[in-house]
Every structure is written in C-alpha cells, then in structure tokens.
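Data block below; observations after.
The values are calculated or read from the model by the stated rules, or taken from the named source; none is laboratory data. Only a predicted model underlies this, so the values are computations on that prediction, with no experimental measurement involved. Every residue, glycine among them, receives a Cβ derived from its backbone with ideal geometry; neighbour counts consider all protein chains shown.
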Ligand SMILES: Cc1cc2nc3c(=O)[nH]c(=O)nc-3n(C[C@H](O)[C@H](O)[C@H](O)COP(=O)(O)OP(=O)(O)OC[C@H]3O[C@@H](n4cnc5c(N)ncnc54)[C@H](O)[C@@H]3O)c2cc1C
C-alpha cells in the first residue's frame, strides 16, 4: 500500500495533531466524490456538506500534501491576472461578476477560521512592495481598480511609510491591504479537514484516484476501492497528472521554493517586520516572505517550469533573502522545500464541466490561497443548480501552451527569462 508522507517542511514539523485517516477499501456510495484534499477540494466539501450533500474526499497522499500545505501562507486578494485584464478580455457582465468575487476568498477563510475554531496563526495585513517607480504606478492603479470593486481596506505607502512596516532598503513604496494577511497553510487545511469530518464527510488518505468511469452514475477507482457518486469534483491541481487528459494540455505544473530560517528571536523579528504583515514584491518572478508564530522568516521565490525539483533549494533562495535582508547573513536555514502550482497561459483559473456530472477547478497560477476557497463555494453553488458565478469562470477562454506537452517547458522558461530580465532592469 502506498504511504506518501509530507515533504520535510516547517509546516509539517509544526502541524497540529490529527487523527489517522483510513485508506479506501471496497465500495462506497456518496453524492459527491472530491478528488484531492487541498483547499479546492476541502472548501468544496465543506460548502457541500453545509448544504446537505453527502461527500467523500479521496486524497492521494495526506490532507494538504500539495500546494495547500506548502505555500507561503500569504492571503492575497484577486487573481493571478488582475480584474483589468479580465475587463479587457471578456464582456462587461462577466467581468463585473468576476470582479465582485475577487475579494471573497479572504472573507471565506476568516469565516472558516472563526466558525470552526481553526488554529492556524491567522494575521491581518499584506504588503505589495514596489522596487521602482513603475511598480509604484502599477500599485496606484491597482488601488483605484480594487476600490472600484468595493475594496476599501487599502493604503498606499510612500518610501518613509514602507520603512515603518519592513526593514528592507530596496523598496520605494508599497500598497498595504488590511484584508490580506497570513496563515500557517497546512494547519488551515488540517482544520478544514476536521470541519469536513465534523459535518459527516469522509476523507480517505493514501487513496489516489487512478481511473474515472464516466457515465450517468460515475465511479472513481482507487487501487483498493471505488466510489460511486452523483457528481465528481476534480481538485488535484498540479499533482493530478494525467487522470483527466483533457485538462493537462491547457495547464502546466511549475515548482516554487521556500526556505525557513531558525527562530530569529523577538527583537530581530520585530526589527524586520514590526507589524507582522506579510510582504510580496511586484516583480513578475516575485519574492514573498513573512514571519511565523515562533518568529522565523519564511521566504519564497523562484519558479521551475515543468516542476522539476531543484537539487539545492537553499542555494537558490537564500541569496534572494539576503538581497532583501543582508542583516540575516549569519542566520541558519532550518527548512527548505519545493511545491508545485499549476500555471495556465492566461494565468486565470481553469474551471468547467466534463459532461453533466464532472466538475473541475484548477490552475490559479501562483496566487491561490484565496481563490481556491472561493472556488469551493462556486462549485457547490453549481452542483446546487445555481451556476451563474461558476459559469463566469468556466467561460474564461483557455489555450494550450505553445509547443504542446513536449516543448511547453522550454517555451515557458524562455518567457520567464524575458520577464526576469525586465524585473532586473526595472522595465
Ligand atoms: C511553494 C508554494 C508557495 C505558494 N505561496 C502562495 C501564497 O503565499 N499565496 C497564495 O495565494 N498562493 C500561494 N501558492 C499557491 C497556492 O498554494 C495554490 O494555488 C493552492 O494551494 C492550490 O490548492 P489546490 O487545492 O487547488 O491544490 P493542492 O493544494 O495542490 O491540492 C491538490 C491535492 O490533490 C491531491 N491529488 C492529486 N491527484 C490526486 C488523485 N489522482 N487522487 C487523489 N488525490 C489527488 C494531491 O495529493 C493534493 O493534496 C503557493 C504555491 C506553492 C507551491
């Protein structure tokens, strides 16, 4: 029997205790079979259970094994491509609907944490940091854009103000979003899984879906069992492989890496990030960081197209951290890990149906902590027959990566190299 553990991350080392979960054996019957216990799957399961559906979740490894248990923990609003791009590429009604939903995911997380008493170190406040005047201009227009959609918890930071929230000399200003913030991502997923079980849902771990039998009453097969369901939700994201071949051509798994320092102590931690906000810079290949509850710095950045695991993560990410914080040159790195997110060409989520009863949402292209929570709500609405918001996502156009599955990685890497150069020269 497969037994895939968590990667050796800070999050796995500081995870809240959870009960052992069974592997699926034999046949079960349910209303909805959810494939994948990341935020997309867990959020869908929770909304469905709250609306009276019977739900069975199949997880190939462990709850939060994928990006949801490894990410930077930053609650970032809107989508990986912002609403202005959506406004330009779809009609006004669809753009309006998507814009109205752009700030809902963060609210859902906070509601979940409060309702189910989830211990995940939730903190309010996220900063977008500008490295040059072009970035600052972008943040000014982002503030105007988000305010147009009713988001009012935003403050532009000039060069003096940003020094008060982050001790990094590289920034010329920033945008503070008080409805952003940060969490211990694995503990959020574990708390949501416990909430699913408290409502009568079942989660099977080490139970990868290996085949979907498509019919009016679809069946999901695992190595030792099967789930008969009325509906299936596919939520395997970058770890799905080729289970649903139609989805693979229009998205590409990519790796991104994170390091965690040894505890810095209260004094140094407070010097770096006095208000304990999380920060991401405005580069295309961006750096992001925050403090943990035990005052370590978690620092992420970099992208590996095609999701190959780099041999020495610390060698890639530590120099980026020292560029932002040279004062950490003597601090030891305790953890380094990689995780996969799913990129689409448009960087907008890939959402839809296959036939009448298989639904999917994936590919939020890097910023997915908030979107995936919204996705669960929108998927549950669609299964209840209210599909207007689901269809606003499902109608977004998606295209295959140039070069097909064989050449998409070098093409994307070439694109990233170009954007990396633009970042470097502040273009
Ligand atoms: C290192 C890293 C840092 C990030 N930082 C941030 C951040 O700070 N802020 C932010 O907004 N976003 C961030 N992201 C993105 C964000 O984490 C993801 O968008 C989000 O977690 C995706 O959730 P998901 O549930 O769709 O997928 P995942 O969390 O990847 O979950 C998919 C699950 O499905 C399971 N699975 C796959 N195939 C099968 C199968 N056949 N059968 C059963 N189970 C299956 C997997 O094992 C996995 O547990 C980051 C991503 C990474 C990798």
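Among the residues of the range 70-116, those that are more than 14 Å from residue 346 (Cβ to Cβ), in a loop (DSSP other than H, G, I, E, B) and away from the ligand (no atom under 16 Å from the Cβ) comprise 91, 116.
With respect to being out of contact with any strand residue (DSSP E or B) (no Cβ under 9 Å at 6 or more places or on another chain), surrounded by 20 or more Cβ atoms within 10 Å (Cβ to Cβ) and closer than 26 Å to residue 81 by Cα, residue 129 falls outside the description. Filtering the range 180-217 to residues that are assigned to a loop (DSSP other than H, G, I, E, B) and within 11 Å of the ligand (Cβ to nearest atom) leaves 183, 205, 206, 207, 208, 209, 210. The single condition from (1) within 30 Å of residue 10 (Cα to Cα); (2) modelled with pLDDT under 95; (3) touching a strand residue (DSSP E or B) at 6+ places or on another chain (Cβ under 7 Å) that residue 367 fails is (3).
Take residue 99 and decide whether it is surrounded by fewer than 16 Cβ atoms within 10 Å (Cβ to Cβ) and assigned by TED's automatic domain parsing to the domain that holds residue 50. So residue 99 does not fit the description; no. For residue 234, are the conditions met, namely being surrounded by 23 or more Cβ atoms within 10 Å (Cβ to Cβ), within 15 Å of the ligand (Cβ to nearest atom), modelled with pLDDT of 95 or more and within 30 Å of residue 385 (Cα to Cα)? It is true that residue 234 is surrounded by 23 or more Cβ atoms within 10 Å (Cβ to Cβ), within 15 Å of the ligand (Cβ to nearest atom), modelled with pLDDT of 95 or more and within 30 Å of residue 385 (Cα to Cα).
Considering (1) part of a helix (DSSP H, G or I); (2) touching a residue at least 40 places away in the same chain (Cβ under 8 Å); (3) under 24 Å from the mean Cα position of the chain (by Cα), the lone condition that residue 258 does not fulfil carries the number (1). Restricting attention to the range 322-337 and to residues that are surrounded by fewer than 18 Cβ atoms within 10 Å (Cβ to Cβ) and in contact with a helix residue (DSSP H, G or I) (Cβ under 9 Å, 6 or more places away or on another chain), the residue that is nearest to residue 292 (Cα to Cα) turns out to be 334. Note on the range 286-309: residues that are at pLDDT below 95 and either outside the structural domain of residue 140 (by TED's automatic domain parsing) or in contact with a strand residue (DSSP E or B) (Cβ under 6 Å, 6 or more places away or on another chain) (or both) amount to 7.
Annotation: of all residues in the range 320-361 being part of a loop (DSSP other than H, G, I, E, B) and closer than 24 Å to residue 285 by Cα, the one that is farthest from the ligand (Cβ to nearest atom) is 329.
So, in the range 362-386, exactly how many residues are in contact with a helix residue (DSSP H, G or I) (Cβ under 7 Å, 6 or more places away or on another chain), surrounded by fewer than 24 Cβ atoms within 10 Å (Cβ to Cβ) and not in a helix (DSSP H, G or I)? The total comes to 0. Taken together, the residues in the range 282-319 that are within 25 Å of residue 135 (Cα to Cα) and assigned to a loop (DSSP other than H, G, I, E, B) amount to 6. Restricting the range 237-252 to residues that are buried (at least 22 other Cβ atoms within 10 Å of the Cβ) and outside any helix (DSSP H, G or I), the residue that is nearest to the ligand (Cβ to nearest atom) is 240. Within the option set 47, 65, 53, being more than 7 Å from the ligand (Cβ to nearest atom), farther than 19 Å from residue 106 by Cβ and at pLDDT 95 or above holds for one residue only, 53. Just one residue in the set 220, 227, 279 is part of a strand (DSSP E or B) and either away from the ligand (no atom under 15 Å from the Cβ) or within 30 Å of residue 132 (Cβ to Cβ) (or both); that residue is 279.
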